[in-house]
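Scroll down for the structure; my scribbles are underneath it.
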Amino acid sequence: MTRTTRIGTWAALVALAAIGCKKPETTAKTVDADAPVAVSLVEAREMKAPRLVTLSGTLAGSEEAEVAAGAAGKVIATYVERGSVVKKGAVLARLDSRAASAQAAVAAADAEASKIQAQQSKLDCERTEQMFQKGAISKADYDRAHTQCASSKWTVSSAEARRTLTAEALRDTEIRAPFAGMVVERAVSAGEYVQPASRIATLVDTDSLRVEITVPEADVPFVKQGMQVDFRTSGGADKVYYGKIRYVGPSVRRQSRDAIVEAVFANEKKELRPGMFVTARITLGEQTLPVVPAKAVRADGALRHVFVATGGRLEDRLVQAGEPVGGQIPIVSGIKPGEQVVAELTPDVRDGAKVK
């Protein structure tokens, strides 16, 4: 081995020894998991708060109809599309009216003719009456003329009824909207043949909507007509709508043990649509609940947490919180009045921590 090789090997050994003797550096401070936490505690006190029940429901149009043709015939024209907003009486579609128009004309002519015949029969009856009084005709001839005169009145009534019937059939060739609303579906097109029961269009009144809510059996006795309901849609949690209860189901359904309650509200801006899912709330009087400061409640998605001091340590409690009232939050369930809770949550507040 040469001198140069021996020197390189010695240097490598010295370097390895230096690395082995080097002490590791501390990269982070170790946190004491059992270190006490300085917190401010307050007592959960009682206060009266509105008793709110939160329920699920569905929106429906105040009026919904599958508009029928009402007559048989071929569709010659349609005047609406899906999404069209129409007024009451607007023409939705028109049927071929040639046959109905001809029948109406015949019926009108027959009615006029029967009136003329009735007038002539009346004159004949008057003459017959005079001749009978003078003894110029027999009793049998008098009775026959009198019967013919009386029957002419019913002939006129029959002709008038037939004219009315054919006029209605002619009007039925124009299918009109029974109320103002939005066309959510058009079921026919020009050229199709329809029967009286055939569906022409589906019409929904969106100016006012119904909120159909299912109320649990225990709360049904407290729900009354005229109560206010506020609700939110699943897609617009920040926007609140208000309506009034107009119908409370007379019976509780056996399987689900709940009743149907219906509220109405004005949909002037057309923001909502039938079929949308909503979360509704009804105020059913007052109740006494423990309340805590708003800063004592931590939100974790839909969950709410409150830290309670018990046995010298903090306990993380899941609670059901009500609506804030003047900086305080009522707690429906999860804590009891008199318990000590952390007044303001800081990042170091944790479950199981000692209270300083």
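Between the alpha-carbon centers of segment 148-168 and segment 282-322, tell me the distance in whole angstrom.
Each part's Cα centre sits 80 Å from the other's.
Just the accessible area for residue 238, please: 1.4 Å probe, Å², rounded to the nearest 10?
In the full protein context, residue 238 sits at about 150 Å².
Got a number for the accessible area of residue 223? Probe 1.4 Å, square angstrom, nearest 10.
Rounded to the nearest 10, that gives 10 Å².
In this model, which of 269/295; 270/295; 48/224; 88/115; 244/295 are farther than 30 Å apart at the alpha-carbon?
On the way: 269/295 37 Å; 270/295 38 Å; 48/224 22 Å; 88/115 37 Å; 244/295 34 Å.
From 269/295; 270/295; 48/224; 88/115; 244/295, over 30 Å: 269/295; 270/295; 88/115; 244/295.
Would you calculate the separation in nanometres between label points at residue 96 and residue 260, each defined as 7 Å from the Cα along the Cα-to-beta-carbon direction?
Result: 4.2 nm between the two label points.
Mind listing P(r) for segment 49-208? All alpha-carbon pairs, 5 Å bins, whole percents.
It works out to 2, 8, 12, 11, 10, 8, 8, 7, 7, 6, 5, 5, 4, 3, 2, 1, 1, 1, 0, 0, 0, in whole percents.
Could you work out which residue, out of 103, 119, 130, moves most in a Gaussian network model of the chain, that is, has the largest mean-square fluctuation with Cα springs under 10 Å?
Top of the fluctuation ranking is 130.
I want to verify the translational diffusion coefficient of the chain in µm²/s; compute it with Stokes-Einstein, Rh as the Kirkwood radius over Cα pairs, at 10 °C and 1.306 mPa s. Walk me through the numbers before you get to the answer.
Numbers: Rh = 29.8 Å.
Answer, rounded: 53 µm²/s.
For a quick check of understanding: with a 1.4 angstrom probe and all protein chains in place, what accessible area in square angstrom does residue 260 have, to the nearest ten?
Taking all protein chains as shown, residue 260 has close to 60 Å².
Quick one: which residues, 5+ away or cross-chain, put their amide H under 5 Å from the amide H of residue 292? H built at 1.01 Å from N.
Amide H to amide H, under 5 Å and 5 or more residues apart or across chains, residue 292 pairs with 329, 331.
Taking only the C-alpha atoms, wrap a convex hull around segment 103-162 and report its volume per residue in Å³ as a whole number. Kindly include the intermediate steps, with their values, before the conclusion.
Numbers: hull volume 3.4 nm³, N = 60.
Residue-normalised Cα hull volume stands at 57 Å³.
Using label points projected 7 Å from each Cα along Cα→Cβ, tell me how many nm separate residue 279 and residue 66, to one decimal.
3.5
Apply 1/(1 + (r/R0)^6) to the Cβ-Cβ distance of residue 37 and residue 199, taking R0 = 41 Å, and write down the FRET efficiency to the nearest 0.05.
0.05
Give, as a single signed number, the net charge of other residues whose beta carbon lies under 14 Å from the beta carbon of residue 232, with Lys and Arg counted +1 and Asp and Glu -1. Don't skip to the answer; put the middle values down first.
On the way: positive: 239, 281; negative: 230, 238, 271, 323.
Result for the local shell: -2.
Once both labels are modelled 7 Å past Cα along the beta-carbon direction, what's the residue 131-residue 244 spacing in nm?
7.4
Applying 1/(1 + (r/R0)^6) with R0 = 56 Å to the Cβ-Cβ distance of residue 252 and residue 154, what FRET efficiency is obtained, to the nearest 0.05?
After rounding, the FRET efficiency stands at 0.50.
Is the shape of segment 243-300 best called rounded, prolate or oblate, per the rule: a/c under 1.5 gives rounded, else a/b larger than b/c gives prolate, else oblate, with a ≥ b ≥ c the square roots of the Cα gyration tensor eigenvalues? Before the final figure, lay out the partial values.
On the way: a/c = 2.17, a/b = 1.37, b/c = 1.58.
Because a/c hits 1.5 or more and a/b fails to exceed b/c, segment 243-300 counts as oblate.
From the mean inverse distance of alpha carbon pairs (Kirkwood) and the Cα radius of gyration, derive Rg over Rh for segment 245-356. Numbers along the way, then the final one.
Numbers: Rg = 19.8 Å, Rh = 17.5 Å.
For segment 245-356, the value is 1.13.
Give the relative contact order (percent, whole number) for segment 235-356; include only Cα pairs under 8 Å separated by 6+ residues. Walk me through the numbers on the way to the answer.
On the way: 160 pairs, mean separation 24.9, N = 122.
RCO, segment 235-356: 20 percent.
The values are calculated or read from the model by the stated rules, or taken from the named source; none is laboratory data. Predicted model, so just to flag it, every value in this text is computed and none were measured. Cβ: placed from backbone, ideal geometry, glycine included. Neighbour counts: every protein chain shown. The protein model used for the area step is the full one, side chains on, heavy atoms only, and it has no ligands, DNA or RNA in it. Shrake-Rupley method; radii C 1.70, N 1.55, O 1.52, S 1.80 Å.
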